[in-house]
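Scroll down for the structure; my scribbles are underneath it.
The values are calculated or read from the model by the stated rules, or taken from the named source; none is laboratory data. Here the structure is a predicted model, which means the values were calculated and not measured. Here the Cβ positions follow ideal geometry from the backbone for every residue, glycine too, while neighbour counts run over all protein chains shown. Side chains are part of the model used for accessible areas, which takes the heavy atoms of the whole protein and leaves out ligands, DNA and RNA. Shrake-Rupley method; radii C 1.70, N 1.55, O 1.52, S 1.80 Å.
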Amino acid sequence: QVQLVESGGGLVQSGGSLRLSCVASGFSFSSYTMNWYRQGPGKERELVAAIGSPDSTGYADSVKGRFTIARDNAKNMVFLQMNSLKPEDTAVYYCNVWTDGTNRWGQGTQVTVSS
């Protein structure tokens, strides 16, 4: 059974930093591309960052240079380091993987950036 559990969200002032973590289980983690999505208030869910296997990465234009995605295959974890946060980064952030023809999601973690 695939499980994704996010943590690390919270309230931070504009310009601050947060590090999100996602623990994965139920699949061969090191073989899969892992993604971070977010959904802001009244907005559609959007892809923020992705990390392949091996560690190729990609980012949405809105977060390039501020966010960094990384993975630890020994611990089945993926991280999102978020620096220079802006109020428009406020959203629920979701860990995601596509396995066995199905999109898998965690429960999400709330990130709120105050101005």
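See the values below:
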{"read-out": "Close pairs from segment 17-33: first under 16 Å from ALA91 (Cα atoms), partner open to solvent by less than 50 Å² (accessible area, probe 1.4 Å) and among the polar types (S, T, N, Q), Cβ under 8 Å, at least 6 apart", "value": "LEU20/THR109"}
{"read-out": "Residues of segment 1-29 that turn out to be closer than 16 Å to ARG104 by Cβ and not acidic (Asp, Glu), as a count", "value": "13"}
{"read-out": "Residue ranges of strands (runs of 3 or more DSSP E) in segment 29-115 with at least 2 members under 16 Å from LEU18 (Cα atoms) and either open to solvent by 10 Å² or more (accessible area, probe 1.4 Å) or of a type in the set (Phe, Trp, Tyr) (or both)", "value": "34-39, 67-72, 77-82, 91-99, 109-114"}
